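The values are calculated or read from the model by the stated rules, or taken from the named source; none is laboratory data. Keep in mind that this is a model prediction, so the values were computed, not measured. Every residue, glycine among them, receives a Cβ derived from its backbone with ideal geometry; neighbour counts consider all protein chains shown. The protein model used for the area step is the full one, side chains on, heavy atoms only, and it has no ligands, DNA or RNA in it. Shrake-Rupley method; radii C 1.70, N 1.55, O 1.52, S 1.80 Å.
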Amino acid sequence: MPILDLATTSRRDLNARLHGLGTGRDEGDWRVLNPAGQHALAVGIDAPVTVRIAGPVGYYCAGMNQQATVIIEGNAGVGVAENMMSGTVHVKGDASQAAGATAHGGLLIIDGNASARCGISMKGVAILVKGSIGPMSAFMAQSGSLVVLGDSGGALGDSIYEAHLYVRGQVGSLGADCCEKPLRDQHKQELRALLDAAGIDASVKVEHFKRYGSARTLYNFHIDNAGAY
Amino acid sequence: MDPDNIPRTLPRYSATFDPATLAEIRRAAATGLYDIRGGGTKRRVPHFDDLLFLGASISRYPLEGYREKCATDVWLGTRFAKTPIHLKIPVTIAGMSFGSLSAQAKEALGRGATIAGTSTTTGDGGMTPEERGQSQTLVYQYLPSRYGMNPDDLRKADAIEVVVGQGAKPGGGGMLLGQKISDRVAQMRTLPQGIDQRSACRHPDWTGPDDLEIKIEELRELTDWQKPIYVKIGATRPYYDVALAVKSGADVIVLDGMQGGTAATQEVFIEHVGIPILAAIRPAVQALQDQDMHRKVQLIVSGGIRNGADVAKAMALGADAVAIGTAALVALGDNDPSLEAEYQALGTTAGAYDDWQDGRDPAGITTQDPLLAARLDPVAGGRRLANYLAVLTLEAQTVARACGKSHLHNLEPEDLVALTLEAAAMARVPLAGTDWVPGSKAGL
């Protein structure tokens with residue numbers, strides 16, 4: 001297992017080595033020591049590799065990830081897994097603002113809480129937060145799924161498009177054009193699959209979640225809706 | 001007094017409530033909707049026409065027009081990027097999206113720019129294969145919406161342009177109405193087909209210059225420090241915005257004045273927010289000079305560039321290059337008089353057509369209608385654009401040689417005078433025939 005100690009190795013060296021990995025074969029497990037909150041660690045990987053980062057990271061860790069599994073054994077700064085395309089990013093601690101922002105695919109798991117704007121402009125990613133999320137989460141969320149085992153702050157799903165939101169706890173308030181929707185069988189199946197993918201056992205029941213999505217009243221401008229903007 | 005022969009007062013329109021204003025009030029009252037259109041400001045603002053070059057005479061030597069070289073090339077991204085861009089001419093093609101423009105138009109822009117030896121730029125909506133395939137040098141815009149943003153295209157790009165704002169709507173987000181959200185556009189943007197798309201005005205994962213610095217670091221790490229990073233701003237507070245963009249680590253700054261076009265924005269936004277490019281260049285250059293970054297961080301200016309004189313004037317004021325958008329579309333065939341009958345059918349006339357948001361462009365440029373888009377031949381359109389770019393360059397060289405300059409970058413403010421007080425104050429050059437620069441200590 002390659003071990004890179006960021007106390008003695010630069011971020012540039014780390015990212016350059018990860019960018020040099022092949023895309024077609026298992027590149028095994030890598031371990032990164034002493035991240036010390038550095039920004040832009042393990043960004044732009046496009047290889048089936050597992051990278052375990054032993055400690056807290058700064059902004060944009062695992063940004064634009066493809067194929068890789070990145071495990072952060074600590075808290076993550078702003079924009080963890082931003083614009084992820086595929087693979088898995090697992091934050092063992094809390095995540096700051098804009099976790100999973102604009103991400104197109106893959107799975108983002110946050111064991112703790114996520115701050116404001118979690119899943120902002122998400123475009124297909126699956127995000128699962130075991131704790132709670134801050135306000136303005138899923139703002140302009142276009143596609144994908146956001147699962148929250150705890151509570152949501154205010155203005156959830158403001159100006160949402162076609163993303164699926166599942167919250168088990170309380171929702172501070174819903175944003176413009178976001179509404180509660182029926183939890184049908186297909187949604188229960190999707191939710192169960194996401195919970196399973198995150199390793200959450202059957203004691204967490206899908207029936208305890210509420211589903212939220214777009215009311216689709218603001219998709220085309222109408223003067224009578226001007227007050228909603 | 002003969003009551004049948006009293007001279008009559010002629011009907012007189014109000015200068016404040018002129019016919020256009022009255023018509024707009026009536027339209028607003030009938031619809032409840034604000035007016036949306038394409039293009040940049042249509043009002044008269046101080047512009048490059050208000051400046052003149054002082055050609056060489058006894059105190060300055062001119063260069064022979066057809067014998068002595070006047071170079072035009074420009075390097076962009078020399079500050080940090082491992083692979084800076086080298087262009088043959090300092091006229092680039094501004095960012096315009098597939099979605100607002102047809103695929104044929106984007107391809108034609110790429111073809112024309114490549115023939116001319118310059119770059120073209122993507123827009124809000126991602127990179128199309130047609131555009132990448134036909135563009136030798138392609139700048140990939142990184143916008144608040146991040147529509148279609150992916151690392152594969154990021155690596156295919158020759159430079160990355162972080163868009164903070166644009167001159168037509170500084171502080172505003174993108175807009176693309178439902179009639180232009182075709183299946184392909186919807187798929188590229190991950191949006192439902194046919195909706196009115198109004199994208200965010202702020203980036204989702206950074207706010208302010210400190211965050212922008214970290215975002216630029218991330219983009220550099222993602223691309224192994226190869227690509228030049230541009231930062232594009234709409235002209236509002238150019239001194240401070242340029243200073244902060246430099247502080248944030250930009251290689252190149254793109255400064256867009258209010259004459260710069262948009263695909264679709266509210267008329268009130270286009271006409272009342274932002275400042276003319278003439279007023280923005282000198283403060284921007286001052287910010288670069290104050291940080292010893294002039295010519296180290298390159299400045300591209302845009303908004304109303306039409307001819308080689310405009311190119312030369314922008315460069316004399318301190319720009320390293322210019323960008324064109326509206327003029328490039330006109331070169332492709334936008335607003336062509338040969339289509340007058342069709343413009344009339346749309347309730348307008350050639351030269352005034354600005355309903356780019358409607359997607360019914362008879363020239364096949366600002367549309368997603370496959371039948372209309374097919375009218376534009378990308379090869380012929382690209383050739384026209386290349387011709388036009390060649391003329392811009394030759395004209396700028398003509399002016400520069402007359403001023404005794406062996407490179408367009410050697411043009412300087414000292415070569416210019418202004419025709420109006422406003423232009424003198426904005427461009428910080430003397431009023432013609434005087435040594436008076438309004439606002440300067442000597443001119444107080």
TODO: Could you check the simple spin-label distance between residue B:12 and residue A:202, using points 7 Å along Cα→Cβ, in nm with one decimal?
DONE: 9.0
Open item on the list: Rounded, prolate or oblate for the stretch B:184-314? Axes are the square roots of the Cα gyration tensor eigenvalues, ordered a ≥ b ≥ c, and the cut-off for rounded is a/c under 1.5.
Closed with: oblate
Open item on the list: Using a 10 Å cut-off around each Cβ of peptide B:146-153, what is the average number of partner chain Cβ atoms that fall inside?
Closed with: 6
Open item on the list: Once the convex hull of the alpha carbons of the stretch B:208-256 is built, what does its volume come to per residue, in cubic angstrom?
Closed with: 61
Task: Volume per residue of the C-alpha convex hull in the stretch B:1-146, rounded to whole Å³ - done: 329
- [ ] Could you state how much accessible area residue A:30 has, in square angstrom rounded to the nearest 10, with a 1.4 Å probe and all protein chains kept in place?
- [x] 20
- [ ] Give, rounded to the nearest 20 debye, the magnitude of the charge dipole that the protein assembly as shown has about its Cα centre when Lys and Arg contribute +1 at Cβ and Asp and Glu contribute -1 at Cβ.
- [x] 540
Task: Gyration tensor (alpha-carbon) shape descriptor, the stretch B:108-169, a/c threshold 1.5 - done: oblate
TODO: Send over the Kirkwood Rh of chain B, from the inverse of the averaged 1/r over different Cα pairs, rounded to one decimal Å.
DONE: 22.7
Task: Inter-label distance, nm, simple model (7 Å from Cα along the C-beta direction), residue B:349/residue B:75 - done: 5.1
Task: Principal axis dimensions, largest first and in whole angstrom, of the stretch B:83-141 by Cα - done: 29, 20, 17
TODO: Diagonalise the Cα gyration tensor of the stretch A:45-159 and give the resulting equivalent ellipsoid semi-axes, square root of 5 times each eigenvalue, largest first, whole Å.
DONE: 20, 15, 10
TODO: Show B:26, B:383 ordered by accessible area, largest first, where the area counts protein heavy atoms only and the probe is 1.4 Å.
DONE: B:26, B:383
TODO: Provide the packing ranking of B:83-96, B:113-126, i.e. peptides ordered by the mean count of other C-beta atoms within 10 Å per residue, highest first.
DONE: B:113-126, B:83-96
- [ ] Let me know the volume per residue of the alpha-carbon convex hull for the stretch A:3-228, in Å³.
- [x] 116
Open item on the list: I'd like the mean, over residues of B:190-198, of how many other protein chain beta carbons sit within 10 Å of each residue's own Cβ.
Closed with: 5
Open item on the list: Compute the distance from the alpha-carbon center of the stretch B:119-166 to that of the stretch A:180-216, in whole Å.
Closed with: 36
Task: Pairwise FRET efficiency - residue A:193 versus residue B:291, Cβ, R0 = 56 Å, nearest 0.05 - done: 0.55
Open item on the list: Could you report chain B's accessible area per residue, 1.4 Å probe, as an integer in Å²?
Closed with: 41
TODO: May I ask for the accessible area buried between chains B and A, both sides summed, probe 1.4 Å, to the nearest 100 Å²?
DONE: 3100
TODO: May I ask you to derive the relative contact order of chain B, considering only C-alpha pairs under 8 Å and at least 6 residues apart, and to give it as an integer percent?
DONE: 23
TODO: Run through all the Cα pairs of the protein assembly as shown and give the fraction in each 20 Å bin from 0, expressed as whole percent.
DONE: 18, 47, 29, 6, 1, 0
Task: Using a Förster distance of 25 Å, the FRET efficiency for residue B:406-residue B:247 (Cβ separation, nearest 0.05) - done: 0.15
Task: Accessible-area composition of the stretch A:3-228, carbon plus sulfur, in percent [1.4 Å probe] - done: 47
Task: Lysine pairs with alpha-carbon atoms under 19 Å apart, the stretch A:3-228, spacing 8 or more or separate chains - done: 8
Task: Along principal axes, Cα extents of the stretch B:336-425, largest first, whole Å - done: 50, 35, 20
Task: Positive-end extreme of charge dipole, chain B - chosen from B:268, B:317, B:388 (charges on Cβ) - done: B:317
Open item on the list: Just to be sure I understand: if I project the alpha-carbon convex hull of the stretch A:142-218 onto a plane and average over all orientations, what area do I get in nm²?
Closed with: 4.7
TODO: Quick one: grab the alpha carbon gyration tensor of the stretch B:122-250, order the square roots of its eigenvalues as a ≥ b ≥ c, and give me rounded if a/c is under 1.5, else prolate or oblate depending on whether a/b is larger than b/c.
DONE: oblate
Open item on the list: I need to check one value: relative contact order of the stretch B:299-382, counting alpha carbon pairs closer than 8 Å and at least 6 residues apart, in percent.
Closed with: 20
Task: Protection proxy ranking, peptides B:236-245, A:152-161, average beta carbon neighbours within 10 Å, highest first - done: A:152-161, B:236-245
TODO: Any chance you could check the Cα centroid distance between the stretch B:292-353 and the stretch B:1-56 for me, in angstrom?
DONE: 24
Open item on the list: Please give the Cα centre distance for the stretch B:373-434 versus the stretch A:90-162, rounded to the nearest Å.
Closed with: 49
- [ ] Sort A:83-92, B:370-379 for me by packing, meaning the mean count of neighbouring Cβ atoms within 10 Å per residue, highest on top.
- [x] A:83-92, B:370-379
Open item on the list: Just to be sure I understand the interface: list residues from the stretch A:43-73 that lose 10 Å² or more of accessible area between the chain on its own and the complete protein assembly, 1.4 Å probe.
Closed with: A:43, A:44, A:46, A:59, A:60, A:64, A:66
- [ ] Enter the mean number of other protein chain beta carbons within 10 Å of the beta carbon of each residue in B:219-227, as an integer.
- [x] 5
Open item on the list: Please compute the contact order of chain A in relative form: average sequence separation of alpha-carbon pairs under 8 Å and at least six residues apart, divided by the residue count, as a percent.
Closed with: 10
- [ ] Give the carbon-plus-sulfur fraction of the accessible surface of chain B in %, rounded to a whole number; probe 1.4 Å, heavy atoms of protein chains only.
- [x] 56
